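Written below as structure tokens is the structure these notes are about.
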Amino acid sequence: MNGQAQLQSAPSGNIHTDPKIIAGFMDKRLGLFIHWGPVTLRGTEIGWSRNHQVSQSDYDSLYKEFNPVLFDADQWVKTAKDAGMKYLTITAKHHDGFCLWPTAFSTYNIMHTPYKKDIVGALAKSCKKYGIQFCIYYSVLDWHHPDYPLHNDGKKVPDPLADMEKYRVYMKNQLKELITQYHPYMLWFDGNWESPWTQDMATDLYQYLKKLDKNVIINNRLGKTSDEGMGPGTVGDYATPEQHIGQLNMKDPWESCITLCEQWAWKPNDAMKSLPQCIQTLCSTAGGNGNLLLNVGPMPDGRMEARQIKRLKEIGDWLKQYGSSIYGTKGGPFVPDSICAFTRKDNKIYVHLFHATGSQLVMPDLPGFRITKAYFLKGEAVPFYHYGDHMSLELHRNLPDPVCSVFVLEMNAPVENIPVIIKITSKID
Ligand code: H79
């Protein structure tokens, strides 16, 4: 009976992953996205620069010189761990079709570079060692594969010699290889918007993958619906806003993917986000009840840039102090804004304050609830008041953390499941 009801409410043809598994994923809150491949030899964008900044023939020959001798999977994974990240997603195959693992189904792979070692396998192994969930990015489109009908960005007329049915078999073979060899926790699809790929193909692939591993989490970029939401027709388990923070959503799981620099793949001297930007982005995603997949593009020799490792470590140091206000919490009860973001767990509300420009933080009252205690997380008590339809915190002294100060409001009853207050969220007088 229950099962039937669930089937009826599910989007057509879709199979949802066990909600407990999705809840475990959402508790993690922060992951590392890694975009990497031979294109780093040119320092241009992965996939997109092919046939644009880099000619197609040059791009497709780069693998012959790709020799990242300084690649050390343990170092990458330890960098993620030290950043407080709980999962890691590697671009096993981006739109350019190059495969970072020794696939049996294409020679356009890492074993045909001078490097000749399995990058995906090494990362899967290190993730296991460090207790990080290992995830795989795989683009549906493949501008390099002869059977995929469009051979570069901008190519509008499908290649009559291509064979989408054969390409679907190729995808299934590769994904079976990836699932059975590396046991990914999650699959991050992309490149689903081009015309050769259809909704029926997506539904069929989702079902195929779920037969291989019923617990593998799959993002919402298989079907032809919007990345942003989980509306009818969505194929996949969670929404994927790209390069911006998703909107607060207590119902549908989501993960924002955002670059630490500007380009997804490594670019020399790329502009890097400041620590406050990173922390505020993390707090605002958690405050909206979502995850953050923060992207780094390692260099062609296999190292991550020292300045990026340092920034990630700073994020980890902040999380060591304040992680209890992020991991395993829910967003709300107020909508995040440019001043602060809120999370909650049991009877606690965590207030992440980005800017202290006045003497008071004023919040709307939560009808029926009262603050019993307020304090800086890891610090002293903070005076609080209830008046009219507002409650406030007194801030007439220096805040403890210049990047983002976290207050705890202990309430008289659990607030984890109360409806979100959408109007006026926070204000400093
Ligand atoms: O893998 C990363 C991107 O390469 C991929 N998704 C993330 C996770 C992605 N594929 N498509 N898009 C993102 C959106 C396309 C944006 C574009 Fe453009 C605007 C393509 C061409 C114009 C970005 C900006 C690339 C070139 C300029």
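The values are calculated or read from the model by the stated rules, or taken from the named source; none is laboratory data. Everything quoted here is computed from the prediction, not taken from an experiment. Every residue, glycine as well, gets a Cβ built from its backbone with ideal geometry; the counts of neighbours run over all protein chains shown. Ligands, DNA and RNA are stripped out before the accessible areas are found, and what is left, the full protein with its side chains, is counted by its heavy atoms. Shrake-Rupley method; radii C 1.70, N 1.55, O 1.52, S 1.80 Å.
What to note about this one:
- Loop sites here are GluC sites (Glu not before Pro) outside DSSP states H, G, I, E and B with no more than 13 other Cβ atoms within 10 Å. The longest part of the chain free of them is 1-261.
- Euclidean distance of C-alpha centroids, the range 266-315 and the range 91-170, integer Å: 25
- Candidates per trypsin sites (Lys or Arg not before Pro) in the range 67-154, loop by DSSP, up to 13 other Cβ within 10 Å: Lys116
- Contact order normalised by residue count of the range 330-428, Cα under 8 Å, 6+ apart, percent: 42
- For the residue pairs Lys78/Lys345; Lys28/Lys348; Lys20/Lys86; Lys86/Lys310, the C-alpha atoms sit more than 26 angstrom apart in Lys78/Lys345.
- Nearest 10 degrees, 0 to 90: helix 275-287 Cα axis against the chain principal axis: 80
- Within a Gaussian network of the chain (alpha carbon springs, distance under 10 Å), most fluctuating of Ala239, Ala286, Ala381: Ala381
- Placing R0 at 30 angstrom, the Cβ-Cβ distance between Lys313 and Glu410 gives a FRET efficiency of 0.45 after rounding to 0.05.
- Folded to 0 to 90 degrees: helix 19-28 orientation relative to the chain principal axis, Cα: 70
- Looking at the range 365-425, the trypsin sites (Lys or Arg not before Pro) that sit in a DSSP loop and have at most 10 other Cβ atoms within 10 Å of their own Cβ are Arg397, Lys423.
- Rounded accessible area per residue of the chain, 1.4 Å, Å²: 41
- Here is the list for the range 153-237: chymotrypsin sites (Phe, Trp or Tyr not before Pro) lying in DSSP coil, each with at most 12 other C-beta atoms within 10 angstrom of its C-beta, are Trp193.
- Rounded if a/c under 1.5, otherwise prolate or oblate - the range 330-428, Cα gyration tensor axes: rounded
- Rounded FRET efficiency, nearest 0.05, which uses the C-beta distance separating Asp159 from His244 and R0 of 51 Å: 0.90
- In this structure, the amide hydrogen of Gln360, modeled 1.01 Å from its nitrogen in the peptide plane, lies closer than 5 angstrom to those of Leu395, Asp429, counting only residues at least 5 positions away or on a different chain.
- Here the range 224-335 is treated as a Stokes sphere of Kirkwood radius computed over C-alpha pairs; at 25 °C and 0.890 mPa s its diffusion coefficient rounds to 162 µm²/s.
- Gyration tensor verdict on the range 19-325 (Cα atoms; rounded if a/c is under 1.5, prolate if a/b is larger than b/c, oblate otherwise): oblate
- Working from label points 7 Å from Cα in the Cα-to-Cβ sense, the Asn269 to Gln56 distance is 3.2 nm.
- Neighbourhood net charge (13 Å Cβ-Cβ; Lys/Arg +1, Asp/Glu -1) for Gly288: 0
- Computed over neighbours whose Cβ is under 13 Å from that of Pro196, the net charge equals -2, Lys and Arg +1, Asp and Glu -1.
- Members of Lys129/Lys210; Lys156/Lys267; Lys176/Lys267; Lys93/Lys156; Lys156/Lys224 lying beyond 24 Å, as alpha-carbon distances in this model show: Lys129/Lys210; Lys156/Lys267; Lys176/Lys267
- The overall shape of the range 1-154, judged from the alpha-carbon gyration tensor, is oblate: a/c is not under 1.5, and a/b is no greater than b/c.
- Dipole moment magnitude, nearest 20 debye, the range 19-325 about Cα centre, only Lys, Arg, Asp, Glu C-beta charged: 980
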